[in-house]
Structure formats: C-alpha cells, structure tokens
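> Handing you this structure, nothing more for now.
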Amino acid sequence: MAKRYGGKFSPDGNDSEQAQPSRGQFDGARVEPAGARANLLFVPAIPLVFLSLNDGAIGMTIGLVAAGLLTAAAFLLREGLRAEAAYNSRRTARRPAFPRKIFSSALTGLGVALASYRTEFLGAETASHVSLLAPILFGVATAVLHSVSFGLDPMKDKGMEGVDTFQQDRVARVVEDAETHLAQMTDAIKRAGDRQIEARVERFQDTARDLFRTVEEDPRDLAGARKYLTVYLQGARDATVKFSDVYARTRDAQALTDYSALLDDLEQNFAARTRKMLLDDRSDLTVEIDVLRDRLQREGVRLD
C-alpha cells in the first residue's frame, strides 16, 4: 500500500514522525577500498579492443593481448587494495602471500608497452623499422607511476612477534569459514527486500567481526570461541536463509519479529563472549605482572 511521505520539512510535518538516526548507527560502516580511481583502470582496455579489430592479424593480436593485460592488472589492483585494507584493519596480520599490487603495476606497464609497440608496428614501413625503445620507456614509466599512485603491498607481518604461527594458521582457517557464513547471510537477507532488517544483520556482523579480531589477536582464545565461529554462525546463516524465503513470500510480521529477536540474542552472546575473552586476557596479564614482581623482590630489587 502506498504511504504518504512526511517529515520535518513536509507540509503538516511532525518531528516525531521522522525517525532520527541514533548515535553510533553508522559505526562499523565499511568503505569499499577499491573506489572509482581503481575502477577507472578497466576503461583503457575497452577502446583498445575496438581500435585493434581492423589492424590486421598481428596488430589485432597485439592489441587484444595488451587489453587483456590491462584488464588483469585492474582486477589484481582491486583485490590488492582490498587485501591491504584488511591488513590495515587488524592489529595482527600477515603480509599478503601474493603481492597483487606489485604484479598489477608490472602488468599495467607491460600492457602499455605492448599497446605502444602496436602503434610503432602499424606506423613503420617494415618490421625492421620498429623501435623498441619507446615502448619500453612507456612501459617502465607507466609501471612506476602506477606504483606511486597506489603504493606497494604490505611487505612484512604486523604484530606477529611471539605469536604461534601454527595456532595463527588454525585461527585464519576458522575465521575464513566464519566470514563465508557472514557473506552467505548477506546474500540471503537481500532476498527479503527490507533495508531495515539488512541493516540489522550488518550490525550483528560487526559484532561478530569484533569477536573474530579478538581471536586473531590471541589465538589461545580459539578453543573457547570455536562454537561461536562455527555452530552459532551456521545456525544464524540457516535461520537467515529460511527467514528470507518466508518473508519474501508472505511479509509475515511475526517472522520478522522472531528473526529480529534471534539477532538480538546472538549479538548479546557474541558481545558477551568478546568481553569475557578481553577480561581473561587482562587477568593473564595481571598474573604475569605479579609473578615478575615476586621474582624481582626475591632477587633484591625493590619496587615502589
């Protein structure tokens, strides 16, 4: 049913009718790391393909290969920016196993060099008159400018001193599976067609990711948090799929209420688990400090 728009600045508007966003409503909002600047690098390959179609077999092949390299470089850059954003968002993180941004710069330079060579080849009277100097210079300059514009990949681990790498690998696998469950929840809730419940799911996911980060920073907490990262998230995903299917067909208000209550319970439990792990970590620190004080006092070092 159509609903008349009304608000503070509408005729006969009422401030009370206009829902005001609460403080902290947009906390945890994530900005897409690969913005317009990175997406624009998909554009140069398009005219290059069309310009190469009537250049003969050799010219067309060189142009298509150059366009493919530029497209692959744009994909690598986008994934590299996302990996870098994930690296920067964590206090403990390993450097990316594959330096996507560096390879993106190299592929961009190679693609531009091939495109320049195609121009030299088409403009030369014979193959012997084709100069390689200009394509090489264009390619090197492009690769350097690309690296300066977007930077390099993180080249070293962050906050990994004293961390058990075996445990860290176990945590990484569990967190990766948990992120998969959250992504499936996001895809499923879109079928419900309700922006408010989508925002509610995103808020729960932010709380769940706080737990992920806590476990990543101290892999010893994995045993206590495993059921939250596996069983509870699997249940939340399955409930989201079933709710979306039912709500998309029936718009059942009771189903919406029940699902919102489930998200409230899950969010409270995840937040409580995160707080408990932080308190346990603080207790461990207190014990370590007390042991060190006792040892120093036995050795005759006085602490005021």
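The values are calculated or read from the model by the stated rules, or taken from the named source; none is laboratory data. Keep in mind it's a predicted model, so treat the numbers as computed, not measured. Using ideal geometry, Cβ is built from the backbone for each residue, glycine included, and neighbour counts are taken over all protein chains shown. Side chains are part of the model used for accessible areas, which takes the heavy atoms of the whole protein and leaves out ligands, DNA and RNA. Shrake-Rupley method; radii C 1.70, N 1.55, O 1.52, S 1.80 Å.
> Among the residues of region 71-83, is any buried (at least 18 other Cβ atoms within 10 Å of the Cβ) and among the β-branched types (Val, Ile, Thr)?
yes
> Here is a further query. Among helices (runs of 4 or more DSSP H) lying entirely in region 191-265, which contain 1 or more residues that are aromatic (Phe, Trp, Tyr)? If you could, list the steps in order and put the result at the bottom.
Working: elements: 195-217, 222-227, 233-250.
Answer list for region 191-265: 195-217, 233-250.
> Can I ask one more? Any residue at all in region 227-235 that is modelled with pLDDT under 90 and touching a Lys or Arg at 6+ places or on another chain (Cβ under 6 Å)?
Within region 227-235, one or more residues are modelled with pLDDT under 90 and touching a Lys or Arg at 6+ places or on another chain (Cβ under 6 Å).
> Taking region 207-229 only, how many residues are open to solvent by 10 Å² or more (accessible area, probe 1.4 Å) and closer than 25 Å to residue 246 by Cβ?
Matching residues across region 207-229 total 1.
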